[in-house]
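Values in this text are rule-based calculations from the coordinates and carry no lab data. All figures in this text were calculated on a predicted structure; none of them were measured in a lab. We place every Cβ from the backbone using ideal geometry, glycine too, and count neighbours over all the protein chains shown.
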Amino acid sequence: MSGGEIGMLVLETVLRIRREHASGKAIKAIARDLHLSRKVVRKAIQAPEADMGYRREVQPLPKLGPFQARLNALLEEDEARPRREKLRITRIHDLLLREGFDGSYDAVRRYATRWRQARRRDVMNAPAFIPLLFRPGEAYQFD
């Protein structure tokens with residue numbers, strides 16, 4: 001395991017490293033016993049919590065930024081289309097490329113995925129009420 005893979009350690013391994021270090025065992029000895037690099041052991045000891053991964057709170061969109069409004073419009077149009085006529089993300093990426101976008105397909109795919117998930121969340125959280133109005137004699141209920 002190389003030094004940059006601290007996020008790949010299992011929580012039990014991190015806890016074991018910390019426990020052995022707290023009991024007075026040297027970093028070099030811990031690294032040798034667990035078959036890890038000293039750098040990884042040092043990172044596991046110095047990390048503030050068990051979560052040692054780096055996660056951005058806000059994902060910047062440097063290439064997608066100027067085309068975000070157009071991409072939103074394309075995704076909106078695509079949502080309104082019947083299932084068989086929907087555009088694939090590769091087609092949406094091609095349309096953006098023709099308009100001057102120089103970003104990657106993956107950036108468009110990730111954005112579209114997040115957009116659709118947010119859209120589904122909004123739909124799922126919306127209250128649904130369908131009033132049923134019948135004239136007398138049109139509907140029957142049997143319990």
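Extension gain for residue 29 to residue 99 (0.36 nm times residue separation, less C-alpha to C-alpha distance): 19.3 nm. Per-residue 3J(HN,Hα) values for segment 85-101, derived from phi via the Karplus relation 6.51 cos²θ - 1.76 cosθ + 1.60 with θ = phi - 60°, read 9, 5, 7, 7, 4, 4, 5, 4, 4, 4, 4, 5, 4, 5, 8, x, 5 Hz in sequence order (x marks Gly and Pro).
Taking the fewest neighbouring Cβ atoms within 10 Å as the starting point, the ordered list for 101, 142 is 142, 101. Among 103, 24, 65, the largest mean-square fluctuation in a Gaussian network model of the chain, built with springs joining Cα atoms closer than 10 Å, belongs to 24. Considering every alpha-carbon pair of segment 65-125, the percent of pairs per 10 Å bin, from zero through the bin containing the longest distance, is 21, 56, 21, 2. With a Förster radius of 25 Å applied to the C-beta separation of residue 123 and residue 91, the computed FRET efficiency comes to 0.55. Give the Rg/Rh ratio for segment 6-46, taking Rg as the radius of gyration of the Cα atoms and Rh as the Kirkwood radius, to two decimals. Ratio value, two decimals: 0.90.
Could you grab the relative contact order for segment 31-143? Cα pairs under 8 Å, six or more apart, rounded to a whole percent. So the answer I get is 21 percent. Computed over the chain, the quotient of the alpha carbon radius of gyration and 2.2 N^0.38 Å is 1.85. You can think of it this way: the chain between residue 133 and residue 22 has 32.8 nm of extra reach, that is 0.36 nm per residue less the Cα-Cα gap.
Sequentially through segment 104-118, phi angles give Karplus couplings (6.51, -1.76, 1.60; θ = phi - 60°) of 8, 5, 4, 4, 5, 4, 4, 5, 5, 5, 5, 4, 5, 5, 5 Hz, Gly and Pro residues having no value and appearing as x. Take every pair of alpha-carbon atoms less than 8 Å apart whose residues are at least six positions apart; their mean separation over the length of segment 6-46 yields a relative contact order of 48 percent.
Gain on full extension, evaluated as 0.36 nm per residue between residue 77 and residue 45 minus their Cα-Cα distance, stands at 6.4 nm.
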